[in-house]
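For reference, the structure is listed below as structure tokens.
The values are calculated or read from the model by the stated rules, or taken from the named source; none is laboratory data. Model, not experiment: these values are computed from the prediction. Every residue, glycine as well, gets a Cβ built from its backbone with ideal geometry; the counts of neighbours run over all protein chains shown. To get the accessible areas, we keep the full protein, side chains included, count just its heavy atoms, and leave off ligands, DNA and RNA. Shrake-Rupley method; radii C 1.70, N 1.55, O 1.52, S 1.80 Å.
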Amino acid sequence: MKLKKLFLALVSLAMLSSCNMMKEDEDLTNCGLFVTFKYDYNLQRSDMFGDHVGGVTLYVFDSDGRYLRSYEDNNIPAMGMMLDGEYTHAMQILDLPAGKYRFIALANQKSYDATLDTPGAKYRRAALATGDDNEKLTVTLDREASVGGANPMVSNVAPMDTLWHGMTGAEPIQVKNNGKTVAKISMVRDTKMLTVSLHNLDEDKKADMDTDDFDYFIVDNNGRLAYNNDLLPDDDLVYTPFHKWNTYATNTAGTVTEATAHAGLTFNRLIWSENPDENALLIIRNKNTGKEIAAINLTDALAQGRNAYDAYAYSRQEYLDRSYDYYLDFFIKNDVWQYAMVRINVLSWAYRIQNVNLK
């Protein structure tokens with residue numbers, strides 16, 4: 001029995017990368033596994049990983065997708081060198097035995113533990129045990145239990161902490177005994193932000209617009225994510241504003257001539273569908289009259305922004321995944337929206353959506 005244990009220990013030691021046997025003062029830049037991260041799947045088409053991401057967890061699976069272990073790093077600095085001339089942010093791992101692996105990364109603006117200590121709704125990751133299939137790595141957005149049959153609500157006490165997802169490709173990564181292995185992970189941002197602005201076209205009401213007179217809701221069944229970032233079946237969740245405010249235009253005498261109501265909402269990843277009933281819904285309601293001012297297909301409306309980037313020929317879904325900061329302006333008359341403008345502020349671009357339901 002003792003000989004068997006000794007033999008197994010020697011085999012395990014031999015499997016480890018020879019990098020582990022190097023002295024601390026030796027150069028390790030060409031040794032071990034470098035898992036590199038990039039977040040350029042955005043409209044800027046530039047790597048913003050270092051500026052936006054504060055903490056990343058790397059989940060390691062064997063070639064069959066069975067969970068082995070995880071690594072976490074916070075505020076990953078630039079390596080001071082370009083890896084493969086492209087990726088500048090990396091996690092170096094020296095203790096993985098030679099073999100084939102699959103990797104999934106989840107990231108936030110802070111470490112995962114720090115994220116859980118902040119107010120507001122959290123993205124909760126499923127706990128994994130050694131040997132679990134990668135399908136058990138799910139993420140569930142917090143929601144408050146429904147009362148009296150109402151839809152569950154996502155807490156609005158603060159903006160949601162941003163979630164990014166990334167994974168290696170279809171083929172597993174071969175980690176070698178000697179030298180350097182580079183595994184590349186491109187991240188996708190799931191958390192989105194929408195600013196809704198209301199403008200009154202009635203001349204006698206322009207100065208009276210007040211955001212506290214309105215309720216704003218986003219409704220979508222998008223609160224659960226699979227290991228590959230697909231949406232899992234879920235209840236319809238209700239997102240409400242974390243912030244509401246007014247802005248004012250005045251004349252030379254200082255009199256308010258027009259007020260604009262604003263609301264800021266954060267929400268999870270949108271998936272576009274040809275079936276309007278499967279898309280997210282934005283509802284705006286006048287609290288004083290109870291009248292529903294707007295109920296629009298939010299997913300499709302926001303996807304119109306892809307027209308500002310014709311040169312890249314984005315599909316609706318690619319545009320929705322690359323974009324994360326949306327602006328919608330509604331122009332209201334007699335408590336009914338006449339038209340809306342999808343805006344992209346950095347381009348001074350806008351797209352008008354007419355209310356086709358008007359008589």
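Details
- Enumeration of residues in region 309-359 that are open to solvent by less than 20 Å² (accessible area, probe 1.4 Å), out of contact with any helix residue (DSSP H, G or I) (no Cβ under 7 Å at 6 or more places or on another chain) and in a helix (DSSP H, G or I): ASP321
- Test result for ALA294, part of a strand (DSSP E or B) and at pLDDT below 95: yes
- Condition met for LEU198 (more than 26 Å from THR57 (Cβ to Cβ) and in contact with a strand residue (DSSP E or B) (Cβ under 9 Å, 6 or more places away or on another chain)): yes
- Residue ID - modelled with the lowest pLDDT, chosen from residues in region 144-177 that are more than 27 Å from ASN228 (Cβ to Cβ) and in a strand (DSSP E or B): GLU144
- Out of ASP208, ASP220, sole residue that is surrounded by fewer than 15 Cβ atoms within 10 Å (Cβ to Cβ) and at negative phi: ASP208
- Flag if ALA150 is under 19 Å from ASP236 (Cα atoms) and in contact with a Pro (Cβ under 8 Å, 6 or more places away or on another chain): no
- Considering only residues in region 266-290 that are in contact with a Lys or Arg (Cβ under 9 Å, 6 or more places away or on another chain) and assigned to a strand (DSSP E or B), the one that is most open to solvent (accessible area, probe 1.4 Å) turns out to be ARG285.
- Residue ID - least open to solvent (accessible area, probe 1.4 Å), chosen from residues in region 178-205 that are among the charged types (D, E, K, R) and assigned to a strand (DSSP E or B): LYS192
- Boolean, ARG102 is surrounded by fewer than 18 Cβ atoms within 10 Å (Cβ to Cβ), among the basic types (Lys, Arg) and outside any loop (DSSP other than H, G, I, E, B): no
- Of all residues in region 57-80 being modelled with pLDDT under 95 and assigned to a strand (DSSP E or B), the one that is nearest to LYS110 (Cα to Cα): ASN74
- Filtered residues of region 105-143 (kept if assigned to a loop (DSSP other than H, G, I, E, B), open to solvent by 60 Å² or more (accessible area, probe 1.4 Å) and in contact (Cβ under 8 Å) with a residue 24 or more places away in the chain): GLN109, LYS110, PRO119, THR130, ARG143
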